[in-house]
Amino acid sequence: QVHFLESGGGSVQPGGSLRLSCKANRMITSTFNPATMAWYRQAPEKQRELVASISGGRSTNYVDSVKGRFSITRDNARKSVYLQMNSLKPEDTATYYCNTVPSGDKWGRGTQVTVSS
């Protein structure tokens, strides 16, 4: 069983939207609820970067390049984290992963997001 199960990626045109979902399969509720969760992304030949995070208290942070376009939310009852991505740009093209902050050494397979015309 994978630690994190990401889904929702796809191919869209610039300006389009996608909603990513992540289920933290291996985290128990008492660990998940207070944990800061995040979405990371890795583009080809680039390092993985943290895109958005949400604390147990639901405080959120975003990398500057996605502020105003992406929104991270969580559902503790489902041990799930979501990323609503609007006004997508070609530079958002990457494989998106979720994990804790700081990240553990177990990663899911990610979900591919491709933005192109």
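Pop out the carbon and sulfur fraction of the accessible area of the chain as a percent, whole number, probe 1.4 Å. Taking all protein chains in place, the chain shows 46 percent carbon and sulfur surface.
Lys-Lys pairs in the chain that are eight or more residues apart or on separate chains and whose Cα atoms lie under 20 Å of each other come to 6. Applying the Kirkwood pairwise sum to the alpha-carbon positions of segment 23-77 produces a hydrodynamic radius of 12.3 angstrom.
Taken along the Cα-to-beta-carbon direction at a fixed 7 Å, the label points for E91 and K106 span 3.5 nm.
Segment S30..S117, full-extension length gain: 27.0 nm, with 0.36 nm per residue of separation and the alpha-carbon distance subtracted.
Which shape class applies to the chain: rounded if a/c is under 1.5, otherwise prolate when a/b exceeds b/c and oblate if not, where a ≥ b ≥ c are the square roots of the Cα gyration tensor eigenvalues? Present the calculation step by step, with values, prior to reporting the outcome.
On the way: a/c = 1.82, a/b = 1.56, b/c = 1.17.
It comes out prolate by the Cα gyration axes.
Accessible area per residue for the chain is 53 Å², calculated with a 1.4 Å probe on protein heavy atoms, without ligands, DNA or RNA.
The values are calculated or read from the model by the stated rules, or taken from the named source; none is laboratory data. As the structure is a prediction and not an experimental result, all values here were calculated from the model. FYI the Cβ positions are ideal-geometry reconstructions off the backbone, even for glycines, and counts take in every protein chain you see. Just the protein is used for accessible areas: all its heavy atoms, side chains included, with ligands, DNA and RNA removed. Shrake-Rupley method; radii C 1.70, N 1.55, O 1.52, S 1.80 Å.
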